[in-house]
Amino acid sequence: MPTALTRSPGRNPWPYGIVAAFVIFIGATVGLIVFTSFHSPELVTADYYEQELRYQQHLDSQERTGALQGRASVSYDPAGDCIEVAIPPEHAAPSPEGAVRLYRPAASDEDRSFPLAVDLVGRQRLDARELSPGLWRVRGDWKHEGADFLLGQRPVVRTNAP
């Protein structure tokens with residue numbers, strides 16, 4: 001005659017699992033409250049008004065440069081291995097106040113800055129032989145008759161260096 005399998009009396013794991021779930025939930029909630037209490041909820045900086053004015057000036061400078069209808073540009077000349085910055089000839093005389101900055105997104109330690117020194121037709125050539133090949137961001141800014149202008153483009157430099 002077959003004997004019935006009897007289960008040995010032991011502890012049921014369900015009550016322990018339920019209590020553990022509540023403990024984990026309460027611990028996570030307390031941890032989140034502690035974490036958020038030590039972080040500032042502010043999304044603005046203390047000088048947000050000044051930053052907004054600077055940003056608006058930046059946008060106005062770009063808009064003025066855009067109104068020049070392509071007469072201001074940055075290009076890379078692979079034959080001469082140089083970067084050419086061009087501004088309108090009427091902005092070139094007398095010598096405009098400004099700078100040309102080269103930014104390398106892949107390596108910020110290679111960034112360079114040059115004073116804006118255009119010739120009478122508004123062109124400046126920068127030697128690119130010592131620049132690493134790849135993407136460079138070129139930013140030129142100058143003043144003409146009290147107005148700021150900002151030119152920014154991304155030429156790809158391919159050097160002939162070994």
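Of these, 118, 100, which one is among the β-branched types (Val, Ile, Thr), over 26 Å from the mean Cα position of the chain (by Cα), modelled with pLDDT of 85 or more and surrounded by 13 or more Cβ atoms within 10 Å (Cβ to Cβ)?
Details: 100 fails: over 26 Å from the mean Cα position of the chain (by Cα).
Within the list 118, 100, the selection yields 118.
Specify which of the listed residues (4, 106, 46) is exposed (fewer than 11 other Cβ atoms within 10 Å of the Cβ), under 19 Å from residue 152 (Cβ atoms) and at pLDDT below 85.
On the way: 4 fails: under 19 Å from residue 152 (Cβ atoms); 46 fails: under 19 Å from residue 152 (Cβ atoms).
Step by step, each of 4, 106, 46 is checked, and only 106 is exposed (fewer than 11 other Cβ atoms within 10 Å of the Cβ), under 19 Å from residue 152 (Cβ atoms) and at pLDDT below 85.
Just to be sure, is residue 48 touching a residue at least 40 places away in the same chain (Cβ under 8 Å) and of a type in the set (Phe, Trp, Tyr)? Step through it out loud before you land on a result.
Values: touching a residue at least 40 places away in the same chain (Cβ under 8 Å): no; of a type in the set (Phe, Trp, Tyr): yes.
Answer is no for this residue.
Scan segment 86-96 for residues that are surrounded by 12 or more Cβ atoms within 10 Å (Cβ to Cβ), within 18 Å of residue 61 (Cα to Cα) and out of contact with any Gly (no Cβ under 7 Å at 6 or more places or on another chain) and report the count.
1
With the structure loaded, tell me whether residue 64 is among the charged types (D, E, K, R) and closer than 17 Å to residue 123 by Cα or whether it fails that test.
Numbers: among the charged types (D, E, K, R): yes; closer than 17 Å to residue 123 by Cα: no.
In short, no.
Among the candidates 134, 98, 66, which residue alone is touching a residue at least 40 places away in the same chain (Cβ under 8 Å) and under 24 Å from residue 156 (Cα atoms)?
Just one listed residue meets the conditions, 98.
The values are calculated or read from the model by the stated rules, or taken from the named source; none is laboratory data. Worth saying up front: this structure is predicted, and the values here are computed from it rather than measured. Glycine also receives a Cβ, built like all others from the backbone with ideal geometry; neighbour counts cover every protein chain displayed.
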